[in-house]
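Note sheet for the following structure.
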Amino acid sequence: MVGWYYWDMRVVVLTGAGISAESGLSTFRDSDGLWEGHDPMQVATPEAYADDPSLVQRFYDDRRAALSRVGPNAAHHALARLEEVLGEDLLVVTQNVDDLHERAGSQQVHHIHGRLRSAWCTTCDVRHDWDRPLVDGPPCPGCGASTLRPDIVWFGEIPYGMDLVERALWDCDLFVSIGTSGVVYPAAAFVHQTRGATLELNLAPSAGASHFAESRQGPATRLVPAWVTELLGDGSPTSP
Ligand code: BV8
């Protein structure tokens, strides 16, 4: 990555469950991952929600409650530090539904698969910041209907803000993928939608590793701060 000067580059960072693993949040496909205990087609599809809404609500209620027991790690903090320097020239596109990027201080974060701490009323089509269980069918703060569902993009549903993401991928100088297995689309195809340089930071090579110009292996809490220090070339520690 020699010869890059951060002050005139636009960077898009894609993150997946791997960046939150060291904060204590399970990934999906690793051993002890979420999909070990749950069939994604039984908890993460609109059909599953229609068939058994309380099973799906409990799955997301448990994950929402778990958020208050964890915090951002050095990888989240390093990206927040990078945003302090790059400002609008950094966009974090996350597949994660947790809020650890924001709790680390990142503001330029786009959740393509939704957020756990948000509820979507399918009657008035309004989304509400939400931090309590949904399984008992609480009334929508807007219209009062008991039709609040998790504000999550399930399999077969269209991810949020794809136009914004596709434009940012096309315009960026550097695309970096962190902690994702590269098996779920459309995120797994982002590496093919950018004209920028490409770098993968992952515990193990992802399914798309061969499509990246460079792929580094290791834990996010080591790789991401080191990469941010290298990019900013200031040698100052990135961890808080
Ligand atoms: C759609 C929210 C149309 C729910 C999620 C083309 C070909 C084949 C299939 C399809 C296709 N197009 C569409 C499909 C169908 C489907 C799909 O991709 N299926 C797969 C399984 C084959 N896609 C969809 O249905 C999508 N919708 O396509 O609509 C469309 C498309 C484009 C434009 C318009 C319309 C919707 C997909 C979204 C589903 N919802 N999440 C929830 O959270 O419960 S997906 C979920 O899994 C995650 O959000 C994430 O996106 C995805 C993958 O998970 P990862 O984050 O990568 O986690 P994983 O466990 O897999 O991997 C962890 C990685 O981290 C590993 O590589 C590991 O090595 C690494 N790691 C672990 N620890 C660390 C680490 N790295 C660093 N440090 C560590 N410590």
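The values are calculated or read from the model by the stated rules, or taken from the named source; none is laboratory data. Not measured: the values here are computed from a predicted model. So basically every Cβ, Gly included, is an ideal-geometry build from the backbone, and we count neighbours across all protein chains shown. All accessible areas refer to the heavy atoms of the entire protein, side chains included, with ligands and DNA or RNA removed. Shrake-Rupley method; radii C 1.70, N 1.55, O 1.52, S 1.80 Å.
Kindly indicate whether any position in segment 172-186 is more than 18 Å from the chain's Cα centre (by Cα) and aromatic (Phe, Trp, Tyr). The answer is no; no qualifying residue exists. Pick from segment 111-139 the residues that are hydroxyl-bearing (Ser, Thr, Tyr) and touching a strand residue (DSSP E or B) at 6+ places or on another chain (Cβ under 8 Å): which of them is surrounded by the most Cβ atoms within 10 Å (Cβ to Cβ)? The residue in question is Ser118. Taken over segment 140-173, the residue count meeting the criterion of being among the acidic types (Asp, Glu), more than 15 Å from the ligand (Cβ to nearest atom) and surrounded by 14 or more Cβ atoms within 10 Å (Cβ to Cβ) is 1.
Scanning segment 75-124 for residues that are among the hydrophobic types (A, V, I, L, M, F, W, C) and within 16 Å of the ligand (Cβ to nearest atom) yields a total of 13. Can we say Arg69 is among the basic types (Lys, Arg) and either within 30 Å of Arg167 (Cα to Cα) or surrounded by 15 or more Cβ atoms within 10 Å (Cβ to Cβ) (or both)? So Arg69 fails the test.
Return the residue satisfying two criteria in turn: it lies in segment 100-110 and is open to solvent by less than 30 Å² (accessible area, probe 1.4 Å) and part of a loop (DSSP other than H, G, I, E, B), and of such residues it is nearest to Arg64 (Cα to Cα). Checked segment 100-110; the qualifying residue nearest to Arg64 (Cα to Cα) is Ala104. The C-beta contact set for segment 217-237 (first residue within 13 Å of the ligand (Cβ to nearest atom), second residue open to solvent by 60 Å² or more (accessible area, probe 1.4 Å) and at pLDDT 95 or above, distance under 6 angstrom, 6+ apart or interchain) comprises Thr221/Glu22. Contact annotation: residue pairs with Cβ atoms under 8 Å, 6 or more positions apart or on different chains, pairing a residue in segment 49-74 that is within 12 Å of the ligand (Cβ to nearest atom) with a partner that is open to solvent by 30 Å² or more (accessible area, probe 1.4 Å) and of a type in the set (Val, Ile, Thr), are Asn73/Thr221; Ala74/Thr221. In the set Ala188, Ala226, Ala213, Ala204, only one residue is at pLDDT 95 or above, buried (at least 17 other Cβ atoms within 10 Å of the Cβ) and within 30 Å of Gly33 (Cα to Cα); that residue is Ala188.
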